[in-house]
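Note sheet for the following structure.
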Amino acid sequence: MIALVGGVGDYMKNQWNCATNPHTAGSAFKPFVYLAGFEKGVIEEYSIVEDTPFIIKDYKGEEYKPKNYDGKFMGGITIAKAFAYSRNIPALKVAQSVGIESVISVAERAGIKEVLAPHLSLALGCSAVSPLNLANSYATLARGGIYVAPSLVRRVESRTGKVLEYFSSESTAAFDRNTVAHVVDLMQDCVAEGTGQLAKLPDRPVAGKTGTADQGKDLWFVGFTPDLVTAVWGGNKDNKAVGGAVTGGTIMTRIFRDYNMAYYRRNPTPAGFFVACDRPAQSLGSDRPVEAVRPAVASTGYSSYSSYSTRKQKQKVRRTVRTSSAAPPGATLVRTDRGITEYRWSRR
């Protein structure tokens with residue numbers, strides 16, 4: 001963990017830690033719904049789902065009539081388009097198909113520690129999750145399905161550099177890498193062409209998801225580059241709406257972008273890229289079903305087709321995980337088989 005900021009101002013006057021306090025997740029929870037769909041084999045990226053009026057009995061036996069944020073329906077659209085534009089009805093239908101218990105299982109394996117409501121509305125993020133746990137669960141996706149428990153302290157050193165104590169976290173293979181790659185692909189589309197466009201960075205790929213919950217009381221953008229995960233939450237301790245036409249896609253995305261740009265100015269790491277699935281080069285505007293193809297595995301790492309750098313033209317560019325990008329001064333670049341950037345630092 002690089003940083004955890006839980007409040008502003010004088011700590012003696014404001015001790016509420018919003019980074020560890022749960023907030024309604026909203027659409028920032030949707031990646032786990034779609035991951036459950038891919039894991040169960042219920043959907044592919046270009047499967048067609050109906051974004052049409054949807055009525056179902058809730059757990060109280062009452063009619064539940066969910067709506068999309070804009071109050072409109074788009075008809076038959078692809079899963080990729082439904083995710084990128086954060087359509088609520090498709091997410092509910094995917095959750096209904098796989099079963100809400102499967103969605104809960106996926107979220108818990110990814111790193112969500114809070115108790116999740118076993119109701120269909122969970123697909124729209126009706127449960128509260130802390131930014132810390134949501135960031136760590138997205139990190140599981142960024143690692144290609146590898147879960148690692150978050151650690152606030154990695155090691156304790158003396159003033160001379162001697163390591164007095166070291167804290168390590170065990171990693172667990174929570175998901176199939178190829179299955180996770182489909183969700184990461186959707187999350188890249190969310191930033192490239194969907195509700196998360198203001199989170200784009202000029203020199204590296206970004207995957208993420210916006211969220212707006214409780215009529216604007218909780219605003220989210222959680223996203224990652226190939227080597228950094230950032231969760232941004234906006235709201236207040238009084239649980240009041242922020243006010244105005246504010247969503248996770250209008251404000252939180254900009255905070256994400258500004259923070260990441262400042263981080264990479266101080267830490268000029270290579271851009272890297274995601275281990276993404278080998279999918280057809282197709283625009284989100286096209287709703288023609290296309291068979292999704294899984295990525296190939298090569299002996300030197302995971303090879304894949306990534307269309308980030310030429311996404312407007314929708315061309316496929318073949319890349320491998322291992323690159324020859326230069327490392328920062330004093331460090332040796334290490335590429336793991338999980339598609340993330342690591343460095344080995346030499347002591348001065």
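The table below gives the values:
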read-out	value
Accessible surface of region 6-60 [probe 1.4 Å, protein heavy atoms]: carbon and sulfur percent	53
Region 45-104 shape via C-alpha gyration tensor axes, a/c threshold 1.5	oblate
Cross-link partners of K237 among aspartates and glutamates (Cα-Cα below 20 Å; sequence separation of 8 or more within a chain)	D10, E114, D214, D218
Highest average packing first - 174-180, 87-93, Cβ atoms within 10 Å	87-93, 174-180
Gain on full stretching of the segment that runs from Y11 to N239 - 0.36 nm per residue minus C-alpha separation	80.1 nm
When each of K30/K65; K30/K67; K67/K113; K30/K81; K40/K72 is checked by Cα-Cα distance, pairs over 21 Å	K67/K113; K40/K72
Protection proxy ranking, peptides 33-46, 67-80, average beta carbon neighbours within 10 Å, highest first	33-46, 67-80
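The values are calculated or read from the model by the stated rules, or taken from the named source; none is laboratory data. Note that the structure is predicted; figures quoted are calculated from it, not measured. Cβ atoms come from the backbone with ideal geometry, glycine included; neighbour counts cover every protein chain shown. Just the protein is used for accessible areas: all its heavy atoms, side chains included, with ligands, DNA and RNA removed. Shrake-Rupley method; radii C 1.70, N 1.55, O 1.52, S 1.80 Å.
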